[in-house]
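Here's the structure we're looking at; comments come further down.
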């Protein structure tokens, strides 16, 4: 259990932390164009050809999507009209940057039906400003990664995804603390998250962030609740309810 004095603060912090599409779409940050246009996210429910998809459109043009996100994608804001998205992509972690001003609209028919079943995580009629992948199978430790110039304004981000496990004792998830400005990725296998202790797939880690007060990593998991990690970022320090 996290210390009582901290639990409420950590819970509030996690409730504001972006989680993956479509389950956490309401946490997605509002995107604004340089000229003041407001872009909004829409969740298309659980039925029909657009089931479970999240799309981005101008607030004044809800029926003209500019982007569609498949499962497990998380957006993040950058300066000006630029924003990024990241997601697991096979054995890699993909990070892409888009300029909201440049996004062209497309018809819903362009993604209806096939997109949810595909391995594509992101659909846009406009190419990203920058598109980048790094190896999601890297061993524990800090690794030098050459990020594209467009990412260099980011000091730190905390990502989480599945991790290869050969036995029930091995970690099934890892936190990737990326430092694009420094050209580094720190890989932190979650050694507490094993098949011996959890139902992998039914239970999974959904979002992670850094506590600005303690500087420890804190997170939430589906059917797990909230948790705080130890100083090394690899073990469980405590768990608590989010609601």
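Assorted remarks:
- Residue within the range 5-27 that is surrounded by fewer than 15 Cβ atoms within 10 Å (Cβ to Cβ), in contact (Cβ under 8 Å) with a residue 12 or more places away in the chain and closer than 16 Å to residue 96 by Cβ present: no
- Filtered residue count, the range 1-40, keeping only those that are at pLDDT 90 or above and either in a loop (DSSP other than H, G, I, E, B) or in contact with a helix residue (DSSP H, G or I) (Cβ under 6 Å, 6 or more places away or on another chain) (or both): 14
- Residues (in contact (Cβ under 8 Å) with a residue 40 or more places away in the chain, within 17 Å of the chain's Cα centre (by Cα) and surrounded by 18 or more Cβ atoms within 10 Å (Cβ to Cβ)) located in the range 28-48: 28, 31
Yes or no, residue by residue, for (1) under 21 Å from residue 87 (Cβ atoms); (2) surrounded by 15 or more Cβ atoms within 10 Å (Cβ to Cβ); (3) free of Cβ contacts under 8 Å to residues at least 40 places away in the same chain; (4) under 18 Å from the mean Cα position of the chain (by Cα):
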position	(1), (2), (3), (4)
157	yes, yes, no, yes
176	yes, yes, no, yes
198	no, yes, yes, no
201	yes, no, yes, yes
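- Failed item, numbered, when residue 101 is tested on (1) surrounded by fewer than 20 Cβ atoms within 10 Å (Cβ to Cβ); (2) touching a strand residue (DSSP E or B) at 6+ places or on another chain (Cβ under 8 Å); (3) within 29 Å of residue 43 (Cβ to Cβ): (2)
- Hey, residue 51 surrounded by fewer than 20 Cβ atoms within 10 Å (Cβ to Cβ), closer than 25 Å to residue 162 by Cβ, touching a residue at least 60 places away in the same chain (Cβ under 8 Å) and out of contact with any strand residue (DSSP E or B) (no Cβ under 6 Å at 6 or more places or on another chain) or not: yes
- The single condition among (1) at pLDDT below 95; (2) in contact with a strand residue (DSSP E or B) (Cβ under 8 Å, 6 or more places away or on another chain); (3) crowded, with 16+ Cβ neighbours inside 10 Å that residue 116 does not satisfy is (2).
The values are calculated or read from the model by the stated rules, or taken from the named source; none is laboratory data. Predicted model only: the values in this text are computed from it and were never measured. Cβ coordinates were reconstructed from backbone atoms using ideal geometry, including for glycine residues, and neighbour counts include every protein chain displayed.
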